[in-house]
1. Of the conditions (1) within 22 Å of residue 127 (Cα to Cα); (2) over 14 Å from the mean Cα position of the chain (by Cα); (3) in a loop (DSSP other than H, G, I, E, B), residue 100 satisfies every one except a single condition; which number is it?
2. Please find, within segment 63-99, the residue that is modelled with the lowest pLDDT out of those that are more than 20 Å from residue 117 (Cβ to Cβ) and out of contact with any helix residue (DSSP H, G or I) (no Cβ under 9 Å at 6 or more places or on another chain).
3. Of all residues in segment 50-79, which are within 14 Å of the chain's Cα centre (by Cα), under 22 Å from residue 99 (Cβ atoms) and in a loop (DSSP other than H, G, I, E, B)?
4. Can you tell me which residue among 87, 107, 95 is assigned to a helix (DSSP H, G or I), surrounded by 12 or more Cβ atoms within 10 Å (Cβ to Cβ) and without any contact (Cβ under 8 Å) to a residue 12 or more places away in the chain?
5. What about residue 125, is it closer than 30 Å to residue 81 by Cβ, modelled with pLDDT of 75 or more and exposed (fewer than 13 other Cβ atoms within 10 Å of the Cβ)?
């Protein structure tokens, strides 16, 4: 593992342990060249996934990008970080276990919305507003009206 501080290729593992939900190995590392300490996470990747964007462009799946979008939707919401990590890990496992190497971005968005709906309604609406490209307040009103089961006129 390359040192993120000095780019030395020869770093040493000082401590390894599984993370809370055993979905990754957390490793504390030390760089003998500059003396820096840093943490890495090692995860099992069942298959390489390619995301097919709405434009038809293909990009490699990025777990960190998925996590950033979920954390953005959950910003300042009273949900424990462990629950968010379980949601993200569960979504990644679902994508990997689908058996497909190419997955449409629409499907990923719908899975994220499904996960957020069960976790936090405000985050669900926040994510939906970006994912479904709400343009004005009326779009929010209609979406929230469908959530509460009372259509708004």
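The values are calculated or read from the model by the stated rules, or taken from the named source; none is laboratory data. Every value quoted in this text rests on a predicted model; they were computed, and no experiment measured them. Cβ sites come from the backbone with ideal geometry, for glycine too, and all protein chains shown count toward neighbours.
1. Here residue 100 clears every test but (1).
2. In this case the residue turns out to be 99.
3. Selection gives 61, 62.
4. 107
5. Spelling it out, it is not the case that residue 125 is closer than 30 Å to residue 81 by Cβ, modelled with pLDDT of 75 or more and exposed (fewer than 13 other Cβ atoms within 10 Å of the Cβ).
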